[in-house]
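Below is one structure, written out as structure tokens; comments come after it.
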Amino acid sequence: MHLLSLLIWLPILGAIVVLAFGRNAATARWLTLGFTVATFLLSLPLWTGYDVTAANSMQFVESLPWIRMIQSNYALGADGISVALIVLTSFTTVLVIIGAWRPIEKRVSQYMAAMLALEGMLIGVFAATDALLFYVFFEAMLIPMFILIGVWGGPRRVYATLKFFIYTFLGSIFMLIGLIYLHLKTGEFSLAAFSQAQLGASEQTWLFFAFLAGFAIKVPMFPVHTWLPDAHVEAPTGGSVILAAIMLKVGGYGFIRFSLPITPDASQEFAWVVIAASLIAIIYIGYVALVQEDMKKLIAYSSVAHMGFVTLGIFIALALVRVNGNADAARLGIQGAMVQMISHGFVSGALFSCIGVMYDRLHTRLIRDYGGLAHVMPWFGTFMVLFAMANCGLPGTSGFVGEFMVIMASFQTSPEVALLAAFTLIISAAYTLWLVKRIVFGPVASEKVAKMQDLNMQEVIVLGAFAIAVLALGIYPKPLTDLMEPAVLQLVQQLGLAKV
Amino acid sequence: MINIAFNPNDLVTVLPELFLLGATCAILLIDLFLKQAQRNVTHVLSLLALAVTAWLVWSGAPVQATPAFNGMFVRDAVGTVLKLFILLTTALVYVYGRLYMRDRKLFVGELYLLLLFATLGMMLLVSAGSLVTVYLGLELLTLSSYALVALNRDSVMSSEAAIKYFVLGALASGLLLYGMSMLYGATGTLDLAKIHAAADFSANGAHRGLLAFGLVFLVVGIAFKLGAVPFHMWLPDVYQGAPTAITLFIGTASKLAAFGMAWRLLEVAMGGLHAQWTMMLAILAAVSLAVGNVVAIAQTNLKRMLAYSTISHVGFVLLGFVNATPAGYASAMFYMICYAIMTAVAFGVILLLARAGFEAEEIADFKGLNQRNPWYAGVMAIAMFSLAGVPPLFGFFAKLMVLKAVIDAGQMWLAIVAIVFAIVGLFYYLNVVKVMYFDEPAQKEAVALPADLGMRWALSLNGLALLALGIGWGPLLDWCNQALLASTQFAR
């Protein structure tokens with residue numbers, strides 16, 4: 001079974017089919033839905049078929065020689081971390097397509113094709129075990145996103161999409177230099193060979209910062225997050241959802257796949273840089289979110305703050321293993337970061353969908369234009385409040401689990417870090433609940449708001465699916481943590497071994 | 001004492017060139033008797049001549065490099081690869097340019113003959129075994145090119161471009177010739193391989209100064225022909241002023257030939273002095289990357305923008321030379337071939353959209369192309385992303401191999417310079433995509449495309465090749481690599 005290949009190429013094939021036969025908008029929509037649902041269904045066997053007891057955490061392995069001269073292979077494989085992210089991708093894409101059913105009216109086939117191509121490339125990123133293949137998918141996904149924001153985006157879309165493309169390209173091209181260096185060192189491109197390469201301290205430092213440039217911009221970490229609010233504000237709803245729910249995760253995934261195993265010693269040495277940037281993101285960016293007038297910008301900054309937990313969890317694990325020798329707490333930190341990534345995927349995707357629902361009706365994203373939606377759109381209000389609670393990490397929602405695990409892990413090496421990180425519970429509650437208060441509650445703001453229709457069927461499906469995911473992960477996260485346990489365990493063991 | 005005995009086997013070695021010469025003369029005569037309405041006969045015959053020549057190059061390719069005429073001419077693997085791509089891109093010039101030239105009343109026999117002679121010159125140039133052959137091939141190429149640029153003699157722009165090209169080109173040829181004379185003086189031979197053996201640059205070498213001067217003049221001549229900064233002044237004007245089909249020719253086929261010349265002169269003849277010329281090329285490359293990419297941003301004319309982009313790509317090609325090993329040259333050759341294929345797409349789309357009385361050469365002319373013709377907008381977007389070096393397109397992998405060669409040579413700073421300016425370059429390529437996809441078109445109706453199905457198919461395939469080669473670039477890389485390994489070995 002070439003399950004991973006199928007998952008990568010089916011959506012890309014779908015993109016070609018939709019472009020070729022999707023002249024009629026309805027045909028394009030149904031074809032795309034068919035391809036995304038098929039991809040989602042095919043991704044489920046990854047989860048059910050993943051053997052957590054097997055000795056090798058990398059499963060569903062495929063390998064074909066690609067470029068013999070530089071020993072690069074078309075090599076795919078998935079461990080629990082990849083499986084979780086692949087399923088998140090295929091799940092979110094289905095909802096994005098349903099969500100775009102009515103709002104996207106211009107050049108429907110191109111929109112749908114771009115989404116499908118993006119899905120295939122994202123799955124490729126999470127499945128590649130060859131560094132060159134990873135890089136190809138990592139960069140290639142910029143092309144459909146560039147088109148998505150630029151064609152279907154808001155008024156300042158050109159500025160936002162160029163900024164997005166050049167900013168992210170800038171970071172990853174430094175990573176490319178690092179990959180070429182590693183290739184010259186090992187003679188291969190496989191990630192396994194890279195992580196076994198013996199590297200000196202200064203080599204590791206350079207490589208660490210090369211990777212940091214690529215992944216920090218993608219996450220995005222403070223202070224290189226400035227492309228994100230622009231891209232989010234101008235992107236169409238579907239673009240924002242994919243961006244927040246999946247694309248940002250590529251950065252966190254990159255840290256786990258590249259930075260930690262390849263440059264463990266430099267990662268430990270410079271962990272304070274990342275941890276400091278994460279704490280600034282959690283606190284300072286939280287305050288920045290508080291003063292936003294544009295809903296999308298607010299959620300974008302909230303994303304930066306929440307992704308701070310991901311980087312914090314990943315890098316606090318190094319201190320836990322190396323300094324405290326506490327492997328259990330380190331596992332907790334990395335698990336927490338992963339759960340936070342998945343949870344943030346659901347929550348931010350849902351919140352951007354909510355904003356999309358409002359924007360489609362009133363064509364404004366300013367908070368002051370809304371008010372009293374609970375009176376005119378009760379169903380919408382219910383969902384919005386639920387996702388807001390998840391965003392501030394209320395126990396019982398998925399937002400709580402990851403943050404709690406990361407704070408727990410941090411506490412065992414540095415109570416100060418844990419204390420600062422825990423501030424998020426107050427700040428995120430402040431900006432999220434204040435947002436909800438101004439939008440959902442209070443008197444009906446205007447005549448236009450009074451005329452707003454409650455959710456239609458597609459919107460109920462989208463928000464309902466996100467709601468189920470948020471609650472399920474919040475109440476019973478064990479299946480997810482079990483799935484990722486072997487991979488996390490292996491990573492933590494690897495972190496314990498110094499290369500220098 | 002030079003042995004001038006005639007060996008009949010030499011004629012077999014140069015069979016492709018002989019055939020092309022014969023065919024060109026035949027077409028010259030046939031064309032005299034054709035009326036303007038029958039000019040398509042010349043078109044078909046010229047394509048046929050190129051195809052047969054390509055077949056002869058391919059089928060007769062010797063396993064071992066074969067010298068002919070006492071080493072004046074060498075038929076080796078590097079020559080074979082370059083000749084095939086030169087013939088291919090020249091054929092593309094005919095296919096893409098036919099309707100364009102007809103609309104502009106430039107559909108004349110001279111177009112075909114001059115291009116054929118230029119092709120012959122390029123084939124000689126890339127197979128040259130001695131300084132004389134290099135110069136002979138180069139002059140046949142450039143003299144034909146000057147006339148081609150001036151083909152539209154009623155256009156002030158064309159004439160100006162041609163004169164500029166001629167004056168500066170003649171100067172460059174003079175410098176090159178001067179350098180060659182110094183090498184001859186220092187080594188007493190014109191044969192490239194013998195120059196390599198005789199060039200003694202060690203501390204007690206007798207002609208160190210002469211060699212160094214000769215080398216500098218050679219590098220200047222090569223930089224001139226490639227269009228590297230600071231010898232690039234002719235390039236933007238010629239690109240913009242020449243009829244677009246001729247720009248396509250100068251931007252693709254003749255750049256491949258210039259690569260061949262650079263390799264023959266620098267590696268085959270002056271390989272022993274590589275420590276001296278790599279540093280010169282590194283600086284030329286860095287400056288070309290900087291100037292080409294930065295100045296391209298300010299251009300509003302697409303042909304001129306592509307000219308500056310060419311300068312930056314030349315910088316990348318020179319980076320491959322910095323490694324001074326067969327693998328490094330292979331990456332440079334791979335890059336040049338990739339560049340020629342990408343540029344052919346970009347100019348092909350410009351030619352496709354141009355009509356009688358309308359040149360689609362301003363970037364603004366591409367506004368909203370996606371709404372008027374999504375297919376060719378897509379082809380152009382592929383070309384732009386490929387030129388910018390975004391994976392999974394072919395252009396990225398060419399950059400990857402060159403960067404690998406540079407880092408392998410221990411020149412990390414050059415790799416950093418290259419990527420920094422690649423990011424600067426990203427902006428103007430993305431700008432073209434932005435204009436095609438994000439801007440609203442001036443008029444809504446579909447673009448009236450020329451009725452030439454052959455051209456449309458060729459252009460579409462050419463565009464898709466950038467995607468296909470992005471996935472299957474391994475064989476082409478292997479081919480370049482083996483060619484350079486074998487040819488370098490033979491030259492020693």
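Rule-based calculations on the coordinates, nothing more; no lab input. Quantities reported herein were computed from a predicted structural model and do not represent experimental measurements. Cβ atoms come from the backbone with ideal geometry, glycine included; neighbour counts cover every protein chain shown.
Is the shape of the range A:66-121 best called rounded, prolate or oblate, per the rule: a/c under 1.5 gives rounded, else a/b larger than b/c gives prolate, else oblate, with a ≥ b ≥ c the square roots of the Cα gyration tensor eigenvalues?
Working: a/c = 7.15, a/b = 1.77, b/c = 4.03.
Since a/c reaches 1.5 but b/c is at least a/b, the shape of the range A:66-121 is classed as oblate.
Quick one: if you take sqrt(5λ) for each eigenvalue of the C-alpha gyration tensor of the range B:9-491, what semi-axes come out, biggest first, whole angstrom? Please report the intermediate quantities before stating the final value.
Numbers: eigenvalues 235, 142, 80 Å².
Largest first, the range B:9-491 gives 34, 27, 20 Å.
Which of the lysines could a cross-linker bridge to residue B:225, judged by Cα under 28 Å and excluding same-chain residues fewer than eight apart?
B:83, B:164, B:194, B:255, B:303, B:399, B:404
Quick one: Cα centre-to-centre distance for the range B:401-423 and the range A:162-225, in angstrom?
With the range B:401-423 and the range A:162-225 each reduced to a Cα centre, they are spaced 15 Å.
Using a cut-off of 19 Å between alpha-carbon atoms, which lysines can reach residue A:499, once sequence neighbours fewer than 8 places away in the same chain are excluded?
Leaving aside lysines fewer than 8 places away in the same chain, those within reach of residue A:499 are A:185.
Going through the range A:6-60, which chymotrypsin sites (Phe, Trp or Tyr not before Pro) have at most 16 other Cβ atoms within 10 Å and a DSSP loop state? Could the numbers behind the result be given before it?
Numbers: sites: A:9, A:21, A:30, A:35, A:40, A:47, A:50, A:60; in loops: A:50.
Filter output for the range A:6-60: empty list.
I want to verify the translational diffusion coefficient of the protein assembly as shown in µm²/s; compute it with Stokes-Einstein, Rh as the Kirkwood radius over Cα pairs, at 20 °C and 1.002 mPa s.
Working: Rh = 30.1 Å.
Rounded to a whole number, D works out at 71 µm²/s.
Just need the relative contact order of the range B:27-138 here, percent rounded to a whole number, with Cα pairs under 8 Å and 6+ apart.
On the way: 109 pairs, mean separation 33.3, N = 112.
In percent, rounded to a whole number, it is 30.
Find the Cα radius of gyration of the range A:270-500, compare it with 2.2 N^0.38 Å by division, and give the number to two decimals. Please list the in-between numbers first.
On the way: Rg = 19.0 Å, N = 231, 2.2 N^0.38 = 17.4 Å.
In units of the 2.2 N^0.38 Å rule of thumb, it is 1.09.
For the range A:270-500, what is the relative contact order in percent, using Cα pairs closer than 8 Å and at least 6 residues apart in sequence?
Working: 358 pairs, mean separation 64.2, N = 231.
RCO, the range A:270-500: 28 percent.
Once every DSSP H run of n ≥ 4 in chain A is given -39500 (n - 2.57) and the sum is divided by its residues, what mean residue ellipticity at 222 nm do you get, rounded to the nearest 500 deg cm²/dmol? Walk me through the intermediate numbers first.
Working: 24 runs with 361 residues, N = 500.
Result for chain A: -23500 deg cm²/dmol, rounded to the nearest 500.
State, to one decimal in nm², a quarter of the convex hull surface area for the C-alpha atoms of the range B:316-384, i.e. the direction-averaged projected area. Numbers along the way, then the final one.
Details: hull surface 22.1 nm².
Convex hull of Cα atoms, orientation-averaged projection: 5.5 nm².
According to the square roots a ≥ b ≥ c of the eigenvalues of the Cα gyration tensor, what is the shape class of the range A:70-178, taking rounded for a/c under 1.5, prolate for a/b larger than b/c otherwise, and oblate for the remainder? Walk me through the numbers before you get to the answer.
Values: a/c = 2.56, a/b = 1.36, b/c = 1.88.
Note, shape of the range A:70-178 comes out oblate.
Roughly speaking, what is the centre-to-centre gap between the range B:315-336 and the range B:212-244 when only Cα atoms are used, to the nearest Å?
The range B:315-336 and the range B:212-244 have Cα centres separated by 18 Å.
Given C-alpha coordinates of chain A, what is the ratio Rg to Rh with the Kirkwood estimate of Rh?
Working: Rg = 21.5 Å, Rh = 22.5 Å.
Using only Cα positions, Rg/Rh for chain A is 0.95.
Cα centroid distance between the range A:419-437 and the range B:60-97, in Å?
Cα centroid to Cα centroid, the span is 70 Å.
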